[in-house]
Amino acid sequence: MAQSAEDGKAARPKQVTLLNVARKAGVSRATASLVVRKSPLISERTRIAVESAMEELGYVYNAGAARLRASHSRTVGVIVPNLTNPFFSIMLAGIEGVLEAAGYAVILANSGEDAGKQRGFIRRMREHAVDGLIMCPAKDTPHEQISKITEWSLPFVQALRFVEDSRTDYSGIDYEGGMAAGARRLIALGHQRIGFVSVDAHYSAEAARLRGFHKALEESGLEPTFIVECGLSARAARALAPSLVKSHRASAIACFNDVIGLGLHRGLIDLGIEIGRQVSLLGFDDVPEAELVSPELASVSTDPHSVGEAAARLLLRRIAHPESQIESIIAKVKLVERPSIGPATVDGA
């Protein structure tokens, strides 16, 4: 038997509203709305009651409609240059932890150290109406990319790196102080022939590490045995080891970061060199893998998780108070000594 039009209407499931949820939970609609928007003003007991009612009734929060009402997307864009580097993954966890607690979702993009690709991601973030942007600039990022973001009045924080002469909030690391501390420790161990393996890309973090390295050596009247650039991968650093050993007689090598340090570690072992005895090796960042090699890699600990947390807090502050003063948060570092560094021999070799 054919169903009537009236029967058809009656058969459609009725849409569950926030008012239905509020009545089920025994709270006001305004209170239920605060729970949905993850307001910190709501008690844990009330939150559980409302969320249970939402689950039981099958309520689905319409984020698109809420965005139109509030003119906020409750999303934040995050652009990093290299997700294969565990350092950035740890920083991202710090960012997400703070933003999630504040009711924001993260839209993530990996620029692959390509400033052109990064420009496209910035444009798409705007198209998705993100409420703010956290970015670790790719190498060779032009100043105009940063100035455009500030012209748009898009809340923006640079993290780990910054483009010179740009005026934005920044969450970073004391790269210069950390590398200086590492080099000073090598000198204190008697090393006088110390080399530095840097990256073949130039940005603020690379320049600061080099300043710290030069500063420590100059204090002791030393000159670098070598400064060599390398592709930012463990494979490239491993391949570099034979030429370093053949061309330079350094007793200690400081590395731009642990990716290079771990690659060089393997390359030196391939050559039968005793790390920590014949050559001391120092990394930077103290990624978890530094403790998994033998001998364990000494490194400068930077705590990228806290850098991510600070970047997220700076962005939330900028979103809430667009006219506030520009602020920089620089995380402290510490040298973590492990067996990959040791005393120099009598002649400093």
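Here is how the numbers come out for the structure above:
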quantity: Packing-based ranking, highest mean first, of 144-154, 199-209 given that Cβ atoms within 10 Å are counted; calculated: 199-209, 144-154
quantity: Per-residue ³J(HN,Hα) for region 207-221, Karplus 6.51 cos²θ - 1.76 cosθ + 1.60, θ = phi - 60°, Hz, x for Gly and Pro; calculated: 5, 5, 4, 4, 4, x, 4, 4, 4, 5, 5, 4, 4, 9, x
quantity: Percent RCO, i.e. relative contact order, over region 175-303, from Cα pairs under 8 Å lying at least 6 residues apart; calculated: 25 percent
quantity: The chain - percent relative contact order, Cα under 8 Å, separation 6 or more; calculated: 17 percent
quantity: Tilt relative to the chain, helix 258-270 - C-alpha long axis, 0 to 90 degrees, to 10; calculated: 40 degrees
quantity: Burial order of peptide ranges 132-138, 167-173, 24-30, 79-85 (average beta-carbon count within 10 Å, highest first); calculated: 132-138, 167-173, 79-85, 24-30
quantity: Residue among I260, L292, L217 farthest towards the positive dipole end of region 175-303, charges placed on Cβ; calculated: L217
quantity: Dipole magnitude of the chain, debye to nearest 20 (Cβ charges: Lys/Arg +1, Asp/Glu -1, about Cα centre); calculated: 1160 debye
quantity: Top positive-direction residue, dipole computed over the chain with Cβ charges, set T141, S33, F196; calculated: S33
quantity: For region 68-121, with +1 on Lys and Arg beta carbons and -1 on Asp and Glu, the positive-most of S89, I79, Y104 along the dipole; calculated: Y104
quantity: Residue-wise HN-Hα coupling along region 40-54, computed from phi with Karplus coefficients 6.51, -1.76, 1.60 (Hz; x: Gly, Pro); calculated: x, 7, 8, 6, 4, 4, 5, 4, 4, 5, 5, 5, 5, 5, 4
quantity: Under 12 Å from the H248 label point (7 Å along Cα→beta-carbon), backbone N, region 167-202; calculated: 193-199
quantity: Calculated FRET value between L271 and D114, using beta carbons and R₀ = 41 Å, to 0.05; calculated: 0.75
quantity: Long-range HN-HN contacts of I330 with modeled amide H, under 5 Å; calculated: G172
quantity: Simple Cβ-charge dipole of region 176-276, Lys/Arg +1 and Asp/Glu -1, about Cα centre, in debye nearest 20; calculated: 180 debye
quantity: Shape of region 175-303, Cα gyration tensor, a/c cut at 1.5; calculated: rounded
quantity: The chain: calculated mean residue ellipticity at 222 nm from DSSP helix runs of at least 4, using -39500 (n - 2.57); calculated: -14000 deg cm²/dmol
quantity: Modelled FRET efficiency - R0 25 Å, Q15 with R124, Cβ distances, 0.05 increments; calculated: 0.20
quantity: J(HN,Hα) series, region 88-105, from Karplus relation 6.51 cos²θ - 1.76 cosθ + 1.60, nearest Hz, glycine and proline x; calculated: 6, 5, 5, 4, 4, 4, x, 4, 5, x, 6, 5, 4, 4, 8, x, 10, 9
quantity: Of K215/K334; K38/K148; K117/K332, pairs whose Cα-Cα distance is over 20 Å; calculated: K38/K148; K117/K332
quantity: Electrostatic dipole magnitude of region 206-349 [Cβ: Lys, Arg +1; Asp, Glu -1; Cα centre; debye, to 20]; calculated: 180 debye
quantity: Net charge contributed by nearby residues that have their C-beta within less than 11 Å of A207 (K/R +1, D/E -1); calculated: 0
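Since every read-out is calculated from the coordinates, none of them should be taken as a lab result. A quick note: this is a predicted structure, and the numbers were derived from the prediction, not measured. Positions of Cβ are backbone-derived with ideal geometry, glycine not excepted, and every protein chain shown enters the neighbour counts.
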